[in-house]
Structure formats: C-alpha cells, structure tokens
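The block underneath contains the structure these notes are about, expressed in structure tokens.
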Amino acid sequence: MPELTRQVRALLTAEPKLRPADMARRLSISEWELVSRLPSELIFTLPGSVAQTVLERVSQWGRVTTIVEVAGSIFEVKAPIPSGRTGYGYYNLQAEFGELDGHLKLDAVANISLQSKPHRGKEAYAIVFYDDQGHTIFKIYLGRDERVVLFPEQVTQFNELKELKYV
C-alpha cells in the first residue's frame, strides 16, 4: 500500500468524523487525492465525462443540498437541482425562482465521487465534482425530510449512479 494511502487510512481511523475536505487540508493534499484513497465502502468514483448525465438524473430527485465552499466560507442551497441545457460551452441551469441557478463548465469536471461517509454522526451521501487539479467544484448532498431523515428514494437513486461507471 503506498505511503499516502496509509496516511489517509490512519487519519480516517484516528478521526473518523473529519470531513474529507478537512482531512485533505490536514494532509496538505487535494480533496480528490484524499477521496481516491479512501476505502471503497465510503467512496465510488466516476469520470467527469458523465457529469451532465449525473446532473440530469439528480434534477429528477427533488430537494437536495448544493454546497460551494470558497476560502473557508460555505454556501448552501436547499432546493431541487434544475434541469439544464448546453450552450456556449456551459450546462445552463433552467432555474425557477428560489432554485440554484448558474452556468456549469462541465468540461472542467475531471472526476466525480459518490461519497457514503457519515457526517456529524448521521448517515450522509454526497456527489462531489472535482477539477483537474483535484479541487472541489461543488457538492450535492441528498435531501432530508422535516425529521432530518434522508429521502430513501434518493438513496436508491444515488446508488444507481454507480452504474454510470460502466456506460
């Protein structure tokens, strides 16, 4: 086992509640370098080439939490991911009022991870998009109901995304 993989696994064992972003900072590596070395029961990876397909599927799931973290600040939108269409080199979200809106540069997505790692003591699932430097572009966490329970149909659909590895 390579040394960096040993370091990642040792940190995970010592501090299992750390977020992958915090683990990566602790080890002075990119978040992609970190997650690509986590155990397969926590992480499943996909190529960036399936980003549009992932987003099209997630747009059918209902409310999720989209997170963008920049310079230590964390921005969250708890709303459905709108469908989109390509144009001018972007995947343009077709948002309704109150939904996440924007223009995603899909060719900048090098890798995607499907994370099944507990967060703050609760079961959590995230779809994380990375650039070619291993930095996180944005994250989509599965939604929760008013009792803070994951939507079970989203968990099923999340696991179905793993089939894209073979497309």
Just checking, does the range 21-39 include any residue being without any contact (Cβ under 8 Å) to a residue 24 or more places away in the chain and of a type in the set (Phe, Trp, Tyr)? no
If you go through the range 46-66 one residue at a time, how many are under 21 Å from Val149 (Cα atoms) and either touching a Cys at 6+ places or on another chain (Cβ under 7 Å) or hydroxyl-bearing (Ser, Thr, Tyr) (or both)? 3
Helices (runs of 4 or more DSSP H) enclosed by the range 1-82 - at least 1 residues per element that are of a type outside the set (Asp, Glu), more than 15 Å from the chain's Cα centre (by Cα) and closer than 15 Å to Ile127 by Cβ: none
Name the one entry in Val155, Val148, Val109 that is surrounded by fewer than 17 Cβ atoms within 10 Å (Cβ to Cβ) and touching a Phe, Trp or Tyr at 6+ places or on another chain (Cβ under 8 Å). Val155
Asp101 - would you say it is among the acidic types (Asp, Glu), more than 23 Å from Lys17 (Cβ to Cβ) and either in a strand (DSSP E or B) or within 16 Å of the chain's Cα centre (by Cα) (or both)? no
For the range 134-167, how many residues are farther than 16 Å from Gly48 by Cβ and within 12 Å of the chain's Cα centre (by Cα)? 3
Could you check the range 133-158 and list, in sequence order, the residues that are in contact (Cβ under 8 Å) with a residue 12 or more places away in the chain and outside any strand (DSSP E or B)? Gln133, Gly134, His135, Leu142, Gly143, Val148, Phe151, Glu153, Gln154, Val155, Gln157, Phe158
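Each value in this text was obtained by applying a stated rule to the coordinates, not by laboratory testing. All figures in this text were calculated on a predicted structure; none of them were measured in a lab. Counting neighbours? That spans all protein chains shown, and the Cβs are built from the backbone with ideal geometry, glycine included.
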